[in-house]
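Some notes on the structure that comes next.
The values are calculated or read from the model by the stated rules, or taken from the named source; none is laboratory data. Everything numeric here is computed off the predicted structure, so don't read it as measured data. Note that each Cβ is placed from the backbone with ideal geometry, even for glycine, and that neighbours are counted across all protein chains shown.
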Amino acid sequence: MQFTAGFRPNNSFLEELERWQRLDFPSPYLNPRTFEAADPKARKRVVAVLHELLSLTMEKRMTSSQLDAFHSEYLLPSRLLLCLIKHHGIFYITNKGARSTVFLKEAYDGTKLIAKCPLLSHIDKFVALSGRRVLDSCNQIASSPISSRNYSSSSHLHD
């Protein structure tokens, strides 16, 4: 797991993390109704579902409003972002403006997407050929037109 720069976990956090790691890893494809909401396995299932969901996106990130579309289908908790904050070694969450963006940390090296989707690479090449550079409105990182349109509230990732 990668923690943000400056994060110094204390012993109780590390013990909790160790207990979490020892829990069985539930498949994100299991019926969510088989888990009790208070069960730690239910929280681990939510993390597994979000990990899988973000892995399936081109840019390995989604805004909180995009995640809201999956709440009822996957029985995600109503306070999903609060649940994810406890797993900042897996997810990185930005809070810019009125909405948040959740990044899959393992998919990024700093601010760069490690394995860029071929479609995004082709879009970037097309934009470069046109002589224009598309910038993300919040942090001025060069990004694809798809990224600028759908994910306007991104931020730098920290290791």
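Inside segment 2-37, residues that are touching a helix residue (DSSP H, G or I) at 6+ places or on another chain (Cβ under 8 Å) and either farther than 28 Å from His71 by Cα or among the aliphatic types (A, V, I, L, M) (or both) make up a count of 3. Among the conditions (1) farther than 20 Å from Ala48 by Cα; (2) surrounded by 12 or more Cβ atoms within 10 Å (Cβ to Cβ); (3) modelled with pLDDT under 85, Ala98 misses just one, which is (2). Name, by its number, the condition in (1) surrounded by 14 or more Cβ atoms within 10 Å (Cβ to Cβ); (2) on the phi > 0 side of the Ramachandran plot that does not hold for Gly6. Only one criterion in (1) surrounded by 14 or more Cβ atoms within 10 Å (Cβ to Cβ); (2) on the phi > 0 side of the Ramachandran plot is unmet by Gly6, namely (1).
For first residues located in segment 62-80 and of a type in the set (Gly, Ala, Ser) and at pLDDT 85 or above, partners that are surrounded by fewer than 16 Cβ atoms within 10 Å (Cβ to Cβ) and not in a strand (DSSP E or B) and lie 6+ apart or on another chain with Cβ distances below 8 Å form the pairs Ser64/Leu81.
How do the pairs read when you match residues in segment 92-108 that are in a strand (DSSP E or B) with residues anywhere that are charged (D, E, K, R), using Cβ under 6 Å and keeping only pairs 6 or more apart or on different chains? Qualifying pairs under 6 Å: Tyr92/Lys105; Thr101/Arg61; Phe103/Arg61; Leu104/Lys60. Looking only at segment 28-59, residues that are in a helix (DSSP H, G or I) and without any contact (Cβ under 8 Å) to a residue 40 or more places away in the chain come to 11 in all.
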